[in-house]
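Structure first, commentary second.
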Amino acid sequence: MAIVDELPYGGTCALRGCDPKKVLVGAAELTDWSRRMRGRGIAGEAEISWPDLMRFKRTFTDPVPAARKQAFTHAGIATYCGLARFVGAERLSVDGQVLEARHFVIAAGAKPRRLDIPGEDHLVTSTDFLELDRLPERIAFVGAGYISFEFAHLARRAGAEVTVVGRGKPLEHFEQDLVARLADHTRSLGIDLRVDTEATGIEKRGSSYQLRLTAQGRTETLEADLIVHGAGRTPNLEGLNSAWRTSRQSPTAACG
Ligand SMILES: Cc1cc2nc3c(=O)[nH]c(=O)nc-3n(C[C@H](O)[C@H](O)[C@H](O)COP(=O)(O)OP(=O)(O)OC[C@H]3O[C@@H](n4cnc5c(N)ncnc54)[C@H](O)[C@@H]3O)c2cc1C
């Protein structure tokens with residue numbers, strides 16, 4: 001039995017998704033609770049120190065790849081590092097090596113979907129956001145799904161000016177009565193939540209970005225220091241196709 005990953009072992013949840021996010025959101029919850037308890041037996045104000053919080057987050061994520069690799073080896077599973085591409089019905093190429101097997105389990109996860117708007121390459125991904133050493137002052141999230149909402153609340157509580165832009169209803173797959181309450185609360189925190197608004201282009205101007213928006217036929221430009229892709233993810237299958245050019249996908253960290 002063998003496992004292949006082009007990124008460090010651990011997958012999205014443990015390294016680039018749920019787990020690191022929960023560490024950061026935990027700190028945001030704590031500051032929020034402390035603010036709500038001020039004058040009710042709690043004095044002073046809890047504040048997020050972003051660099052310290054990122055260091056703390058890394059104490060959870062950094063040990064994962066080596067521990068996972070060791071666990072695979074211990075269980076008798078061979079580990080391969082690199083982009084896996086099918087070169088035959090029973091043949092997989094990994095970094096020049098060909099692996100043969102009767103059965104393959106494809107568990108390639110998801111990646112941010114392409115938006116096909118000008119300047120799309122200026123968007124950073126959720127993975128980039130979770131690695132920020134410094135939190136920019138003005139952050140815009142394109143897409144109003146759960147990743148944008150969680151990151152927006154976190155960034156706001158860490159002191160950033162935050163805008164969330166969704167082209168339809170926010171959190172459209174969630175229970176809408178609860179979503180309406182969350183939307184009200186989101187705005188009460190000072191997050192600029194825009195619904196029925198389409199992001200149509202991004203331009204870099206000096207060290208900041210201009211995000212072009214269209215809502216009800218009107219066009220507007222929003223300036224931000226960072227624009228985060230929160231507009232949905234699609235199955236990450238292209239890389240498995242031997243005809244697909246590998247240069248289109250460059251992993252953010254090499255696997256070990
Ligand atoms: C920011 C964020 C927050 C999230 N928060 C939550 C949460 O709170 N709760 C929750 O339940 N879910 C959450 N999720 C979703 C969760 O992370 C995913 O559902 C889960 O990781 C999917 O697991 P998987 O094994 O299918 O894929 P993944 O964990 O993505 O693993 C797929 C692996 O395949 C590798 N790979 C892909 N193609 C190839 C190839 N051709 N060759 C070699 N390797 C390849 C990738 O590098 C990756 O490591 C979150 C996701 C994100 C992005």
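We did not get these values from a lab; they are worked out from the coordinates using the rules stated. Everything numeric here is computed off the predicted structure, so don't read it as measured data. Cβ atoms come from the backbone with ideal geometry, glycine included; neighbour counts cover every protein chain shown.
Quick check: Cα centre of region 105-146 to Cα centre of region 1-22, how many Å?
Their Cα centres are 17 Å away from one another.
As a test of understanding, state the convex hull volume per residue of region 110-256 from its alpha carbons, in Å³.
Given the Cα convex hull of region 110-256, per-residue volume reads 143 Å³.
Could you work out the relative contact order of region 29-135, using alpha carbon pairs under 8 angstrom and six or more residues apart, expressed as a whole percent?
19 percent
Relative contact order of region 132-251, please, whole-number percent, based on alpha carbon pairs below 8 angstrom and at least 6 residues apart.
Contact order relative to length: 27 percent.
With charges set only on the Cβ (+1 for Lys and Arg, -1 for Asp and Glu), what does the dipole of the chain come to about its Cα centre, in debye to the nearest 20?
240 debye
Report the one residue of TRP50, PRO235, HIS103 whose Cα lies farthest in the direction of the positive end of the charge dipole of the chain (charges on C-beta: Lys and Arg +1, Asp and Glu -1; origin at the Cα centre).
Of the listed residues, the answer is HIS103.
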